[in-house]
């Protein structure tokens with residue numbers, strides 16, 4: 001691809017909430033599951049495989065254990081630190097987040113975690129006005145206030161943050177809890193904006209995801225990484241193909257495919273299928289991350305994002321074309337794995353041979369006509385150049401194709417969870433998870449969102 005200017009290739013980073021990491025570790029260590037925990041586990045595993053680096057949001061209340069496999073030197077996870085920001089940057093980040101929060105509490109369509117009565121909104125507003133004054137006085141001192149626990153979260157994370165002993169306890173007023181929730185969420189979004197030139201992505205915790213997606217949609221912004229967007233597209237295609245299979249299969253009318261689970265994140269499905277206990281999930285995720293196909297995929301995504309950042313309009317058009325070709329190829333590959341397969345060229349020729357007995361054709365001209373038609377069919381195949389381009393693109397997409405092959409059509413989320421955790425999701429929890437995944441998938445429109 002042509003480049004308007006040369007720049008360093010991006011290191012593709014994903015920002016996640018500390019609560020997402022706490023949720024994931026709680027799920028693994030305590031072998032507990034519910035809709036929120038499974039959703040966070042799915043997003044963490046996906047980030048582990050698809051992002052070059054995972055960055056946790058800043059906080060003074062907790063520091064990662066350097067003996068943690070995911071945080072030890074040279075590993076995938078790190079924590080965003082206020083130490084790398086001067087007072088002016090810290091002040092700007094907090095003030096912008098407070099102003100954004102003051103605007104959010106007036107927008108009912110964003111859906112605050114709990115009600116939005118006039119009195120409650122007034123109380124929340126007063127907290128933010130007080131905080132704005134404190135930030136102006138001493139931005140460094142405000143870091144501890146910002147780092148207070150957020151209790152609008154999943155059960156496991158709530159238990160963990162309560163043990164940290166921050167400025168916020170469960171007994172605080174609802175207004176304070178809402179203010180804390182908004183402040184922490186909007187600081188993450190400020191970091192997303194600050195790092196926009198690095199194309200950093202943000203995967204919010206399950207209890208923030210809906211709010212974040214609604215807010216960004218209203219602002220015409222996007223949090224999902226390009227790597228995850230392509231994966232969401234693949235999952236949508238898999239879901240469609242499996243539903244078509246169930247709808248059109250004669251066997252399904254007699255009870256087949258009834259336990260098939262179309263709506264299941266690919267990385268989660270493959271990680272669970274390769275694990276026999278919760279502890280093995282992390283190792284399975286790291287195994288997937290270290291696949292050569294995964295490394296190529298991350299490198300390709302970084303190259304595309306670098307081209308978007310540094311390239312001119314012609315480069316952007318080339319990126320868009322490559323993404324459209326990738327989308328087309330991915331659909332073909334997934335259709336071959338999950339769909340009702342169309343006949344190959346050899347199968348079509350065999351069909352012709354079966355329909356037309358060449359040996360008994362007395363009319364030589366008729367025989368020549370059939371052979372010429374077969375010859376033209378062969379000539380109509382893609383050129384060597386096109387075939388090489390397809391192979392090149394297929395190598396870049398090999399991770400998703402590999403995941404598609406390992407995610408068996410008959411896999412069912414509850415059966416996989418039962419195998420690993422010895423537990424299933426209740427029908428209500430399964431419905432909640434389905435809604436979360438659909439909301440996440442709904443933000444994926446078209447690859448042109450990135451070009």
Looking only at region 80-106, and only at residues there that are touching a residue at least 60 places away in the same chain (Cβ under 8 Å) and not in a helix (DSSP H, G or I), the one that is farthest from residue 53 (Cα to Cα): 105
Consider residue 234 carefully, then state whether it is buried (at least 20 other Cβ atoms within 10 Å of the Cβ) and not in a helix (DSSP H, G or I). no
Quick check, is residue 292 modelled with pLDDT of 60 or more, surrounded by fewer than 12 Cβ atoms within 10 Å (Cβ to Cβ) and under 21 Å from residue 388 (Cα atoms)? yes
Condition met for residue 69 (crowded, with 17+ Cβ neighbours inside 10 Å, assigned by TED's automatic domain parsing to the domain that holds residue 155, touching a helix residue (DSSP H, G or I) at 6+ places or on another chain (Cβ under 7 Å) and at pLDDT below 95): no
All positions within region 288-342 that are outside any helix (DSSP H, G or I), out of contact with any helix residue (DSSP H, G or I) (no Cβ under 8 Å at 6 or more places or on another chain) and closer than 19 Å to residue 51 by Cβ: 290
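Residue by residue, here is whether (1) modelled with pLDDT of 90 or more; (2) more than 27 Å from the chain's Cα centre (by Cα) holds:
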position	(1), (2)
42	yes, no
79	yes, no
84	no, yes
99	yes, yes
Scope region 130-145; condition without any contact (Cβ under 8 Å) to a residue 24 or more places away in the chain and surrounded by fewer than 16 Cβ atoms within 10 Å (Cβ to Cβ); matching residues: 130, 133, 134, 137, 138, 141
Which of the following residues is part of a helix (DSSP H, G or I), closer than 30 Å to residue 210 by Cβ and either without any contact (Cβ under 8 Å) to a residue 24 or more places away in the chain or in contact with a strand residue (DSSP E or B) (Cβ under 7 Å, 6 or more places away or on another chain) (or both): 429, 418? 418
From the list 125, 108, 132, 63, which residue is in contact with a strand residue (DSSP E or B) (Cβ under 8 Å, 6 or more places away or on another chain) and assigned by TED's automatic domain parsing to the domain that holds residue 34? 63
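The values are calculated or read from the model by the stated rules, or taken from the named source; none is laboratory data. All values reported here derive from a predicted model rather than from experimental measurement. Heads up, the Cβs are rebuilt from the backbone with ideal geometry, glycines too, and the neighbour counts pull from every protein chain shown.
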